[in-house]
Ligand SMILES: [Zn+2]
């Protein structure tokens, strides 16, 4: 390739940055802003409870409610309503309820059957069940549904209040918020008819009392930890919380605790006990330690960022545009913008950062590389690196000793991002990986690319997660000939490329439309050199959007090359960073309309460090929104 270096670069500063951060913050004490509600895959509404401190217990309450003590609760999701009979019946579980009505709370449910329901619901949503069905131990690390801890329950019930009830201390108001002995006519009622608490949760103070995960212990408050307490390790009886149709106003208080030694799991529980589920969701909100006091929440983290220093270990020849400096520039830019930092140490799959959810890549397993590359080629890459061969297949693609390992990590980073999206840790992700991939062929390296990261990701989505249709949007200035060739006759992958033409690698004419069953599932939009924001937006609006919406993908991937930037050292196009923001918005909207926003964007080219990293920042800002 004909490479030109040291073109002058421009640096642009974006003032909107501060506005975005400021509007992303809110306070939990401001209960006017209710937490977010989401509807799960199986149609159940859950409320996002923000992390925070609260005062658990009541010094004026019963002995087991004392002492009131400060407790930290991590973020989690909780059912907006008590589990209804119609939800329970979905899993072919026999409905034990006394007061039969599909929308009444389930009751006469024993604790283990409630736990079993949690597991069934987790499996139905593709999540890891929390309960061991032999021992009924709860695995809090699993991402499925479980019963709330007692502390989580009380925190959610109080919803930022410190009064006896979540509406204050005036017991006369209880009838507007709960079904209890004075207004229930001695029966349960359909959920959601009374006023919710300040966080939008219904029937916390009454209707049926609710199972918690903890064993009951009268003295636990004196010795329990102050961070996410989970109750004693063993015990006789489980705790239940909240008022019920047959209980008086005292039992409806936020801090009231109950257990019943006469209830054991071999019997039916009584007809005033039900439950609701929670799910740990550490990704839903972050509290900034020691910044502005307790209760300050940063924006919801929904965008993953794949990066690892290992990507710097793929060395190219001096002066080669595809250099480790590209990723250094991106990371520096994101750090300077406040989007990315190493400041928080809370472990999850990666680190929590101020704006992005950092994902640590793992090398892709051979079975996934082999979905698009021949074993012979993979072996050749490996031995070439080991034998210190300087180039792979052409002078375009210099390699170094670790290039094979790094290339496995580049593909692996994409798979890590896909996993995190599929496990709903994040909605979308940007993978700052190298070497890039879209020119790599089945058995040949090409144009700086070794393994075709996006093609491997596509097959991974289809095979591992059983999703059928993948849309690949390739806006790199070059045509992604490798990707095109891998899916040319495949109607399950819509490949859409807009690129400079004629240009390297020479392919990408309009006439390449796919073949066989894949005919019309390959769309090339060649543009002349000098095209800019308006030209690209027009193409996205007129060509990409209708094709993508009619295809209706289950997952969207972007071959995000930023070498169509104005001022790139290889490309001759004129897209501005704002232009990339608009293109990103259009692709993101497609993902939102078709597949719940599932989108992973993968770095390809982009060789003007300043403009490229500014464009990456704008790209990510749109993904985060
Ligand atoms: Zn390129």
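Computed from the coordinates by the stated procedures, all read-outs in this text should not be read as laboratory data. As the structure is a computational prediction, the values presented were derived from the model and not from experiment. Cβ placement follows ideal geometry from the backbone for every residue including glycine, while neighbour counts extend to all protein chains displayed.
Observations
- Sorted by Cβ neighbour density within 10 Å, fewest at the top, the residues 236, 405: 236, 405
- C-alpha long axis of helix 577-595 to longest principal axis of the chain, angle in °: 50 degrees
- The relative contact order of the chain comes to 12 percent, based on Cα pairs under 8 Å that sit 6 or more residues apart.
- Normalised size of the chain, defined as Cα radius of gyration per 2.2 N^0.38 Å with N residues, equals 1.09.
- The mean of 1/r over all pairs of different alpha-carbon atoms in segment 586-625, once inverted, gives a Kirkwood hydrodynamic radius of 11.2 Å.
- Rotationally averaged projected area of segment 129-245 (alpha carbon convex hull; nm²): 8.7 nm²
- Placing pseudo-labels 7 Å out from each Cα toward the beta carbon at residue 387 and residue 183 gives an inter-label distance of 8.2 nm.
- Extension gain, residue 520 back to residue 538 (0.36 nm per residue minus Cα-Cα distance, nm): 4.5 nm
- Principal-axis analysis of the Cα atoms of the chain puts helix 609-624 at an angle of about 30° to the longest axis.
- Mean projection area, nm², convex hull over Cα of segment 367-425: 4.7 nm²
- Between the helical axis of 453-464 and the longest alpha-carbon principal axis of the chain there is an angle of about 40 degrees.
- Value of Rg/Rh across segment 70-146 [Cα atoms, Kirkwood radius]: 1.00
- Compactness of segment 451-581, expressed as Rg and Dmax over alpha-carbon positions, Å: 14.1, 41
- The alpha carbons of segment 426-505 give a radius of gyration and a Dmax of 12.6, 38 Å, in that order.
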